[in-house]
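Written out below as structure tokens is the structure these notes cover.
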Amino acid sequence: MIARLLLARALASTLTAATALRPAPLHAQAAAERFDILIAGGSVLDGTGRAAQRLDVGIRGDRIVAMAPLLARARAARVIDAAGRTVSPGFIDLHAHLEPLLQYPLMESALRQGVTLALGGPDGGSPLPLAPYLDSVRTATIGINVAYLVGHNDVRRAVLGMAARAPNADELARMKLLVATAMGQGAFGLSTGLLYLPGTYSNIEEVIALAQVASDSGGIYTSHLRKEGIGLLDGVAEALEIGKRAHVPVVLTHHKAVGQQMWGKSTLTLALVDSARKAGTDVMVDQYPYTATHTGIGVLVPSWAMAGGDAEFRKRLGVPALKDSIMRGIIDNILNDRGGGDLARVQFSRVAWDTSLEGKTLKDWAARRKLAPTPENGAALVLEAMLNGGGNAIYHVLDEQDVRRIMVAPFTMIASDGRISSPGDGHPHPRAYGTFPRVLGEYVRNQKLLSLETAIHKMTQMPAMRLGLTDRGVLKVGNVADVVVFNAATVKDMSTFASPHQYPVGIETVVVNGAVAVSGGKATRVRAGRVVLRTAK
């Protein structure tokens, strides 16, 4: 009997010791930590597409250090009450025009959408050389994180100027060296704008050679297609061929079908992408949620007319036969491409030589001149604009059904194509202020086209994976503390085509690298952004 008692006591002692040595549960360990910020009581969508969980998120320094159902508020220097709110990773904008960054370093038009990382250098245009520019960005201090692509148009211009020909072997070698140098300085890949000058003068072999350089460094290839209206299918096929032959991950950027003759053709372009993916080409798509595009007014001018630059363009206009051909080309683009067949579909956004035109349409300008709104008169006004220095415009030429169809494709990510904007500066496309809230408010809550978790996945983990980033885009312990807290019941874009300079509502808190950059829906003026570089392959 005594022996049995002693044995029982020994077993009990062993079990007690084992229990004492066993690690505490994760939530108990987390509860004992101290936090700089505790986001408490929220519905967490971690970015992976999984359903929401009720979790607290503990942040120390620039990292997430704990996620558990209940963390000790008393151990946090600052508590953000997220009850009734959705907590997600910061949004990653895979296509952003960051040219005014040094003018507007807070980057509030992006920040207040919930964007915590934006990828610049799209459509073939980027700072070159890259490294000195990135140094200037670091010196300025910025509101969100930025990363960059190297732009093919700038590489080509540096070697060939505006020449409308293929490079010779030496010139191509110099172009490849410029791409390799930028990749070595942290660029995430190569972008092309094959619709734009001078990239439109390149052939596919040139682009493949340069994309291969980006691929060799572990980069990606993003393409503003050579054609997005008539010729769209050929434009998609070219990008897929480049991806296949250069062995490079591809993004068909701001994917769309321009002009009424092409409406509905997204069924074919998405089928081409799906087929290429099944055949082994790593291709994805990004998209903004609007039925209007935005670019320079020069997009209405046939590219051959601009070869050699502005001086050569003016010379051609001095030759009656060439001017007549240029006019016919503009008329064709007004009828069948960006013009949408109606001068009212072309709305000026930025006109440095006559700011009174900003927000007005080509039809409005014709009426001001007491001209009939014909394609011929529109073409004459486009030429006048070009001779005065050009300008930018919004083109209302997309179909809502194409927008919806592209958005739900499983390989589509959300990206703004927006320019960093500030109230009073021009008349921008509303995507500059409203892209991400618009998806959450209009296409998730109102139209129920996407589930909330799917939409967040398209804004966070998907673009992070495309960039090869493993410490952003997902809320998990150890990752960078880029976090958004929003009200899923009220989040909404307020920017419109008539009145674009309006910040969204419902984006209540934005944390950038562990610092609260938006609180109560307002910018705190903290500039905690960093330059993010591609990790060497």
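The values are calculated or read from the model by the stated rules, or taken from the named source; none is laboratory data. Computed from a predicted model, the values in this text were never measured in an experiment. Cβ atoms come from the backbone with ideal geometry, glycine included; neighbour counts cover every protein chain shown. Side chains are part of the model used for accessible areas, which takes the heavy atoms of the whole protein and leaves out ligands, DNA and RNA. Shrake-Rupley method; radii C 1.70, N 1.55, O 1.52, S 1.80 Å.
Listed by chain and number, the lysines whose C-alpha is less than 20 Å from the C-alpha of Lys522, apart from same-chain residues fewer than 8 away, are Lys492. If you take all other residues with their beta carbon under 10 Å from the beta carbon of Leu70, and give Lys and Arg +1 and Asp and Glu -1, the sum is +1.
Place a +1 charge on the Cβ of each Lys and Arg in the stretch 290-374 and a -1 charge on the Cβ of each Asp and Glu, then give the dipole magnitude about the Cα centre in debye, rounded to the nearest 20.
About 220 debye.
Measuring between their Cα centroids, the stretch 327-369 and the stretch 56-97 lie 46 Å from each other. Summarising the strand pairing of the chain, around 55 percent of its internal DSSP beta bridges are antiparallel. What aspartates and glutamates does Lys323 reach when the alpha-carbon gap must be under 16 Å and sequence neighbours fewer than 8 apart in one chain are set aside? Candidates past the 8-residue exclusion: Asp310, Glu312, Asp332, Glu376, Glu384. Judged by the mean number of other Cβ atoms found within 10 Å, the most tightly packed of the peptides 194-204, 130-140, 323-333 leads the ranking 194-204, 323-333, 130-140.
How long is the gain from Asp310 to Ala173 if the chain were fully straight, where each residue apart is worth 0.36 nm and the alpha carbon distance is subtracted?
That pair, Asp310 and Ala173, stretches by 46.6 nm at full extension.
Here the chain exposes an accessible surface that is 55 percent carbon and sulfur, computed with a 1.4 Å probe and the other protein chains kept in place. A cut-off of 5 Å between modelled amide H atoms, ignoring neighbours fewer than 5 places along the same chain, links Ala517 with Val510, Val511, Val512.
Each Lys or Arg adds one and each Asp or Glu subtracts one; over the other residues with Cβ under 12 Å from the Cβ of Arg138, this totals +1.
Report, in whole Å, the centroid distance computed from the Cα atoms of the stretch 459-536 and the stretch 254-305. Result: 27 Å between the Cα centres. Dipole orientation for the chain: of the candidates Gly199, Ser499, Thr460, Thr460 has the Cα lying most toward the positive pole (charges on Cβ; Lys, Arg +1; Asp, Glu -1). Relative to the longest principal axis of the chain, what angle (0 to 90°, nearest 10) does the C-alpha long axis of helix 130-140 take? Tilt relative to the chain: about 60 degrees. Once the Cα atoms are used to define both axes, helix 375-387 deviates from the longest principal axis of the chain by about 80 degrees. For the chain, the longest principal axis of the alpha carbon atoms and the long axis of helix 320-336 meet at an angle near 40°. With 29 Å as the limit on Cα-Cα distance, the pairs of Lys448/Lys476; Lys256/Lys476; Lys256/Lys315; Lys256/Lys360 that go past it are Lys256/Lys476; Lys256/Lys315. Per residue, the accessible area of the chain comes to 39 Å² when a 1.4 Å probe rolls over the protein heavy atoms.
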